[in-house]
Amino acid sequence: MTAKREFSNLLPAALLAVLVAAIPASSQAGGGQEHHNAELSKVVRLNRAPVSNEVLKVHLPRPVVTKLPNGLTVLVLEQHKLPLVNFMLWIETGALSDPKDMPGLAGFTAEMLKEGTTHRTSAQLAADVDDIGATLNAQAPFGSTHSSITASGLAPSAGQVLELMSDAVLNPTFPSDELEKYKQRQLSQLEQERSQPFSLGQEKFRQAVYQDSPASVMLPTAESIKAATPERLKEFHDRYYVPSNAILGIVGDVKQDEIMELVRKQFGDWKGAPVSKADWSHLPEPASSKIYLVDRPDSVQANILAGDYGARRADPDFPALMVMNQVLGGGPQSRLFLNLREEHGYTYGAYSRTGDDKYREAWEANTEVRNAVTDGSMEQLMAEFKRIREQQVPEGELNEARHAIVASFALSLEQPQGILNRWMIVQSEGLPMDYWDRYPVQVAEITPDAVKAAAQKYVDLAHLQIVCVADAKQPGNDQKQTIRQVLEKYGTVEVYDTNGKKED
């Protein structure tokens, strides 16, 4: 599925070369490399992509936005390249609204939508979806501000797909027998998650950054899974699954009038009391920097995460944060990767990322290294954090980062679902309708000073939270100091077991 009809000027055959050429560049081959710290990497950037001074102009096809009398917002985007249709329903309440006594409730509710309705059993719903070659999925992952239900199928079956989707969303029964099966699967999955270094690291990292905020929760508990009942799920569903708290997006080979008639038929009678919008703009004050060691006996490597609060997409400095992150750890051309992998051989990869939700999703860097090089890895991570804060990024390196972001953005528009998701973000977060038109230009205009300012704000060493999941007693350097002793060289260390209990 492509968007080439609307983006014929954007996605020609030599797509990547054109995209890389689309942002202003002040240097050609080798630009800025003479300023690059030669000790950090021997990797050579050839800079052979053609460049021009023309800024990439991106104009997303705009959806028709309609609000039904019951409060449901509907976005329709006609895409007639292929005979397919995709539906995306966002309930503007997600895991961040889980009750404290039941982490995971939003996810339980979403995932149980397909397990039986007033019209179909779980097996019947699955069979009806399969019979027309459709898909139907629902989720509310931890850290999310919304629950998502998606469906897709052939355009001639749009009415049937929409009916199946509405049945699952409006008429779930949360049958006790299916819920018991689901709970057993969840308990098994939880046990597996608690054995994985990545999950343990993410759990402790979110707790360190978000403290007592709902955003700190990344896993359910065995108690919350066992306590889930049809009544609790129904209560959550009835409270939040209401039309005024929902956005329905549609993209594909449909006609506006015809698809809206189907929407009114399936969702027009949906009712429910209004929901107060959650305010995620206020989070706990950043905590002082600390190192958390999750002691996982017999681990053969150390998983290291470091970061703090990031930015909301609506924040003015979000584009600068994106560019800064791209330079530091956004891919295999980034400083963390070139340093820790290519130069020192400590790891297979080292990256950083930032989220873009309604609240300040964390900015974080992460890598997995051999136990014996934990010390060297920490030293190089901290060195790169300080360098991005203290030194301006050379223009050639900055160009590469801006090119990569815009190219990735443009490539994401090849899929109709990608375009629709962008418009769902605009609607959900209250962004201007020309936000995506301006986004490539905003990225192109990010300066070295803006990158440095973003680094000083978000790579905040005074509030940097560091998590290491490793066997605390294993040697962490050539001097045979334990990983715990190694980490103590970089700050105050607290040790926890894999169940989250603090150790002495």
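Please treat every number below as a calculation from the coordinates, not as lab data. The model shown is predicted, which means the values in this text are computed figures rather than measured ones. Positions of Cβ are generated from backbone atoms using ideal geometry, with glycine treated the same way; all protein chains shown enter the neighbour counts.
A few comments on the model shown:
- Computing Rg and the Kirkwood Rh from the Cα coordinates of the stretch 228-280 gives a ratio, Rg/Rh, of 1.09.
- For Asn137 and Gln211, the difference between the fully extended length at 0.36 nm per residue and the C-alpha to C-alpha distance is 23.5 nm.
- Partners of Lys452 within straight-line reach, counting lysines whose Cα lies under 20 Å from its Cα and excluding those fewer than 8 residues away in the same chain: Lys386.
- For the stretch 320-328, the Karplus equation 6.51 cos²θ - 1.76 cosθ + 1.60, evaluated at θ = phi - 60°, returns couplings of 5, 5, 4, 5, 4, 5, 4, 5, 6 Hz by residue, with Gly and Pro reported as x.
- Per residue, the Cα convex hull of the stretch 296-360 amounts to 94 Å³.
- With both labels modelled 7 Å from their Cα along Cα-to-Cβ, the Glu494 to Gln481 distance reads 2.3 nm.
- Inter-label distance, nm, simple model (7 Å from Cα along the C-beta direction), Glu429/Gln392: 2.9
- With N the number of residues in the stretch 255-326, Rg(Cα) / (2.2 N^0.38 Å) evaluates to 2.06.
- Computed 3J(HN,Hα) for the stretch 199-206, one whole-Hz value per residue from the Karplus formula 6.51 cos²θ - 1.76 cosθ + 1.60 where θ = phi - 60°, is 5, 5, x, 4, 4, 5, 5, 5, glycine and proline marked x.
- The stretch 285-496 - Rg and Dmax from Cα coordinates, angstrom: 18.3, 58
- Distance between the stretch 75-134 and the stretch 176-201 - C-alpha centres, whole angstrom: 20
- Whole-Hz Karplus values for the stretch 266-281 come out as 8, 10, x, 8, 5, 10, x, 6, x, 10, 5, 6, 6, 9, 9, 6 Hz, taken residue by residue from phi with 6.51 cos²θ - 1.76 cosθ + 1.60 and θ = phi - 60°; glycine and proline positions read x.
- Calculation over all alpha carbon pairs of the stretch 48-201 in 5 angstrom steps from 0 returns a P(r) of 2, 8, 13, 16, 17, 14, 10, 8, 7, 3, 2, 1, 0 percent.
- Scattering from the stretch 155-225 was approximated by placing one identical point on each alpha carbon and applying the Debye formula without solvent; log10 I(q)/I(0) at 0.19, 0.20, 0.21, 0.22 1/Å stands at -0.86, -0.88, -0.90, -0.93.
- Stretched out straight at 0.36 nm per residue, the stretch from Ala123 to Gln333 would grow longer than its current Cα-Cα span by 70.8 nm.
- Convex hull per residue volume in Å³, alpha carbons only, for the chain: 148
- For the residue pairs Lys457/Lys502; Lys181/Lys271; Lys67/Lys114; Lys226/Lys277; Lys81/Lys183; Lys480/Lys501, the C-alpha atoms sit more than 32 angstrom apart in Lys81/Lys183.
- A simple spin-label model places the labels of Lys290 and Ala462 1.8 nm from each other, with each point 7 Å out along Cα-to-Cβ.
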